[in-house]
Amino acid sequence: MNDDLASLNNCKILIVDDKAENLELLTGFLEAQGYEVAFATSGKEAINIATIFLPHLILLDVMMPGIDGFETCRRLKSLDKVKDVPVIFVTGKAELSDIVEAFNVGAVDYVTKPIRQEELLARVSTHLQLQALINLRDELISTLRDKTLELEKLSKLKEQQLEASQQFSHLGELVGELTHELGTPLSVISTAITHLDDKQRELNQKVQQQTLAKSDLQAFIDNSAQSYDIVLSNLSNAMNLINSFKHIVVGEFSGAITEFNLLDYLYDIQRVLHPKLKRLPHEVQITCPTALQITSDAGALSQILINLINNALIHAFSQSTAGHIYIDVSHQNQQITLSIKDDGRGMDTDRLNKIFDKYFSTRIGQGGSGLGLYIVKNLVEKSLQGHIEVSSQIGKGTHFCITLPQHMAVHEQS
C-alpha cells in the first residue's frame with residue numbers, strides 16, 4: 001500500500017450486514033490489508049456506530065431487519081458527521097432497479113454477492129483513494145480560503161499583499177479541478193484490472209479441469225492486451241495531468257528564469273485547464289512553432305495566459321454560444337509575439353480604455369476584484385519586460401497582443 005497515490009494507512013471501514021458469516025468474511029479480507037474494521041448488524045445500529053466510529057468508508061447490505069440498506073444510506077447522508085463518507089453497497093440484489101436506487105440514495109459503488117476478494121479490495125482502495133484526494137482538495141481550498149479571509153481582516157496592510165494573493169488566486173481552483181479529474185482514470189484502471197482478474201480465474205479453472213482450448217488461451221491473451229492498453233492509457237493521462245500541473249505551479253512560485261520549449265509549455269497550460277474547459281462549449285486552439293525555445297520567467301507567463309483565458313471564459317461568451325480562444329505565437333528578430341484572441345461579444349470603447357485600470361471590473365460584488373488584468377499588465381511589463389496591447393469590437397471579440405523583447409533569447413533547435 002506504500003505505492004498508493006494517497007496514504008490509506010489507518011483507514012477505518014464500517015461493515016453493515018445481518019449475516020455473521022458475511023461480517024466474518026469481509027472483516028478477514030479488510031484486516032489483512034491493514035484496515036481498522038467495525039461492524040453493525042442493522043441499519044439503526046450502523047447509524048449509531050458510524051457517528052462514533054467515523055469511518056472512512058461504509059460497506060452496506062440492502063436486505064436487513066428493520067430499516068433496509070437504502071433507508072440507512074439516506075439517513076447517513078442526512079447526518080453532518082458522516083454525510084461525506086462514501087458508501088458501497090455489498091448485496092445479493094442485482095436487479096437494475098436496485099442498482100439505480102443505490103446511486104439515487106448516495107452510494108458511490110455497488111458490488112454483488114457472492115463476494116470476490118480481489119474485486120472488493122480494488123473497489124475499496126479506489127474509493128478510499130478518491131476520498132483522500134477530495135479531502136486533500138478541501139484542505140487546500142480551505143487553507144487558501146483562510147488566507148484570503150486573513151488578508152481581508154488585515155485590510156490596512158500594503159496593497160502589494162493583496163495583489164500577491166490575487167496573483168495566485170487561480171491555484172485553488174486548479175487544485176480542485178485536478179483532484180476531481182483524476183477520479184475518472186483511477187476508476188477505469190480499477191475496472192480494467194478487475195475484468196482481467198475475472199478472465200484469469202476463468203482460464204485457471206479450465207486449466208484445472210483440463211478443458212482449456214487454444215481459442216480460450218487466445219481470447220485471454222487478447223483480453224489481457226486490451227486491459228493493459230486501457231490501464232497504461234489512463235495511467236499516462238493521469239501522469240500527464242499531474243506533471244503539467246507540477247510544471248505550472250512550481251514555475252509560478254519559483255519566479256526563476258529558465259529555458260523551455262514554448263509549445264510544450266502552452267500545452268501544459270491547456271492540459272491543466274482541460275477539466276474546466278471540458279464542462280464548457282468553448283475551445284482553446286494553439287498555434288506555435290514546434291522548436292521555439294525561450295528563456296523567461298515561466299511562472300509569470302503561465303499566470304498571464306491562464307488569467308487571459310479565464311477572463312475570456314467569464315466575459316467573452318454567452319452561455320448558449322460555443323466560443324473559441326486562439327493563441328498564436330510568432331517570432332522575429334529575437335522577439336516573440338503572443339496573440340490571444342477570442343470570437344466573443346467584444347466590448348465598447350469606454351470599457352476598453354479602462355480594462356487595465358486597477359480595481360476596474362464589470363463584476364464588482366460578484367467575485368470580481370478588478371485586479372486580474374491590472375496584474376497581467378504588471379507581469380508583462382515588469383516580470384517579462386514586454387508590452388501588452390488590447391483591441392476589441394462589439395460582436396467580433398477581443399484581441400490581446402503581447403510582445404516580449406530580445407532579452408528572451410529566442411532560438412530554434414537544430
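The values are calculated or read from the model by the stated rules, or taken from the named source; none is laboratory data. Predicted model only: the values in this text are computed from it and were never measured. As a convention, Cβ positions derive from the backbone with ideal geometry for all residues, glycine included, and neighbour counts pool all protein chains shown. With ligands, DNA and RNA removed, areas are computed over all heavy atoms of the protein, side chains included. Shrake-Rupley method; radii C 1.70, N 1.55, O 1.52, S 1.80 Å.
Determine whether Glu95 is more than 29 Å from the chain's Cα centre (by Cα) and open to solvent by 60 Å² or more (accessible area, probe 1.4 Å). Here the answer is yes, as Glu95 does meet what is asked. Among the residues of segment 112-136, the one identified as buried (at least 17 other Cβ atoms within 10 Å of the Cβ), over 23 Å from the mean Cα position of the chain (by Cα) and closer than 14 Å to Ile13 by Cβ is Leu120. Residues in segment 85-93 include none that are in contact (Cβ under 8 Å) with a residue 24 or more places away in the chain, assigned to a helix (DSSP H, G or I) and touching a helix residue (DSSP H, G or I) at 6+ places or on another chain (Cβ under 7 Å). In summary, Asn378 fulfils each of the numbered conditions (1) modelled with pLDDT under 85; (2) part of a loop (DSSP other than H, G, I, E, B) with the single exception of condition (2). Considering every residue within segment 23-35, establish whether at least one is more than 21 Å from Glu118 (Cβ to Cβ) and touching a residue at least 12 places away in the same chain (Cβ under 8 Å). No, segment 23-35 has no match at all. Identification of helices (runs of 4 or more DSSP H) wholly contained in segment 96-215 with 3 or more residues that are at pLDDT below 80 yields 117-153, 159-167, 170-208.
Conditions tested, residue by residue: (1) within 24 Å of Ala122 (Cβ to Cβ); (2) in contact (Cβ under 8 Å) with a residue 24 or more places away in the chain; (3) aromatic (Phe, Trp, Tyr).
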| residue | (1), (2), (3) |
| --- | --- |
| Leu203 | yes, no, no |
| Lys206 | yes, no, no |
| Leu217 | no, no, no |
| Ile221 | yes, no, no |
| Ser227 | yes, yes, no |
| Leu232 | yes, no, no |
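Scanning segment 334-353 for residues that are open to solvent by 70 Å² or more (accessible area, probe 1.4 Å), at pLDDT 85 or above, outside any strand (DSSP E or B) and of a type outside the set (Asp, Glu) yields Arg345, Thr349, Arg351, Asn353.
Within segment 45-79, work out how many residues are of a type in the set (A, V, I, L, M, F, W, C) and open to solvent by 10 Å² or more (accessible area, probe 1.4 Å). Of the residues in that region, 10 qualify.
For segment 230-251, does any single residue satisfy the condition of being touching a helix residue (DSSP H, G or I) at 6+ places or on another chain (Cβ under 7 Å), modelled with pLDDT under 85 and within 30 Å of Gly346 (Cβ to Cβ)? The answer is yes, given that some residue of segment 230-251 is touching a helix residue (DSSP H, G or I) at 6+ places or on another chain (Cβ under 7 Å), modelled with pLDDT under 85 and within 30 Å of Gly346 (Cβ to Cβ). In the condition set (1) open to solvent by less than 70 Å² (accessible area, probe 1.4 Å); (2) within 20 Å of Gly386 (Cβ to Cβ); (3) in contact with an Asp or Glu (Cβ under 8 Å, 6 or more places away or on another chain), Gly323 is compliant with all but (2). In segment 272-295, the residue that is nearest to Ser320 (Cα to Cα) out of those that are modelled with pLDDT under 85 and buried (at least 20 other Cβ atoms within 10 Å of the Cβ) is Leu273. Here Phe39, Phe70 are screened, and the one residue that is under 22 Å from Thr126 (Cβ atoms), touching a residue at least 24 places away in the same chain (Cβ under 8 Å) and not in a loop (DSSP other than H, G, I, E, B) is Phe39.
Of the residues making up segment 31-44, those that are under 17 Å from Asp18 (Cβ atoms) and open to solvent by 70 Å² or more (accessible area, probe 1.4 Å) are Phe39, Lys44.
Out of curiosity, is Ser296 closer than 18 Å to Gln385 by Cβ, of a type in the set (Ser, Thr, Tyr) and outside any loop (DSSP other than H, G, I, E, B)? Answer is yes for this residue.
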